[in-house]
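Here the structure comes first, spelled out in structure tokens, and everything after it is commentary.
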């Protein structure tokens, strides 16, 4: 099985990327990732103001996907996520959603043992997730740093991007150029202090291509739900983007007027906050698969 080294990283997605490796569809492969600090935080005396900001949020890749063409959809099956036995969480003055209340920066090194993160006297079950995962941008968007989420993916910090799910991304450039990193051993919705439990690790993946179809925003398929993920400069705009896209997909797939799909969505759709601390905020809207399956959604495109 091909293993892609965590030494091969980028700090942004753009429309002219150079691949570090290539993968065939339906080929399983492993991507080794760094934590979001690129290993610079090694003790509780380290604070983010003293580390190299140019090395934040490295994403391993990009990986050229054979047969991927602009205008297709990349399906990424997340088969397994393994994280190291130690992670970092920190906050800073003015950091995160409550930064105005932070008097002093604080860094914690947290041990992970038997799938539990040990924070003071608390044992927190881990749920490893991918914070940054994306593809090359379209020509109009150009360069987007890895900390910015948008239609290409990026730093969505969505805690449901875990093992056993499938992420669908719109392919903007031939080859797709997949890159990922910023694993979290565990994170709450919102990531309100600006970090989860930041950790290095490895992800086992498989990809496929849905030809001649496209989507507006990343879509996550979980065991139970179809989840639309949208990122914009404000919460209102992100919610509007995620909800309107999903309601329109329901309308088209079920052949019902928008207004009926809108009413139905108000009965079954959950709007959830993924993160509020990146340059764009991320909102996800989920409907159960008994309402809309991924097969129905794709067929309606």
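The values are calculated or read from the model by the stated rules, or taken from the named source; none is laboratory data. Computed from a prediction, not measured in an experiment: that's the story for all the values here. We place every Cβ from the backbone using ideal geometry, glycine too, and count neighbours over all the protein chains shown.
Of the residues making up region 279-301, those that are more than 13 Å from residue 230 (Cβ to Cβ) and crowded, with 18+ Cβ neighbours inside 10 Å are 287, 291, 292, 297.
Screening the candidates 175, 154, 142, 201 for the property of being under 16 Å from residue 75 (Cβ atoms) and in the same structural domain as residue 6 (by TED's automatic domain parsing) yields one hit, 175. Set side by side, the residues 255, 204 differ, and just one is touching a strand residue (DSSP E or B) at 6+ places or on another chain (Cβ under 8 Å) and either closer than 23 Å to residue 13 by Cβ or at pLDDT 95 or above (or both), which is 204.
Taking region 277-300 as the range and being outside any helix (DSSP H, G or I) and either touching a helix residue (DSSP H, G or I) at 6+ places or on another chain (Cβ under 7 Å) or in the same structural domain as residue 132 (by TED's automatic domain parsing) (or both) as the test, the residues that pass are 281, 282, 283, 284, 285, 287, 288, 291, 292.
Name the residue, out of 220, 205, 246, that is under 19 Å from the mean Cα position of the chain (by Cα) and in a helix (DSSP H, G or I). Reasoning before the result, please.
Numbers: 220 fails: in a helix (DSSP H, G or I); 205 fails: in a helix (DSSP H, G or I).
Exactly one residue qualifies, and that residue is 246.
Screening 25, 42, 30 for residues that are part of a strand (DSSP E or B) and in the same structural domain as residue 180 (by TED's automatic domain parsing) leaves exactly one candidate, 30. Note on region 73-111: residues that are crowded, with 22+ Cβ neighbours inside 10 Å and part of a loop (DSSP other than H, G, I, E, B) amount to 0. Take the conditions (1) in contact with a strand residue (DSSP E or B) (Cβ under 6 Å, 6 or more places away or on another chain); (2) under 28 Å from residue 56 (Cα atoms); (3) surrounded by fewer than 21 Cβ atoms within 10 Å (Cβ to Cβ); residue 197 misses just one of them, which is (3).
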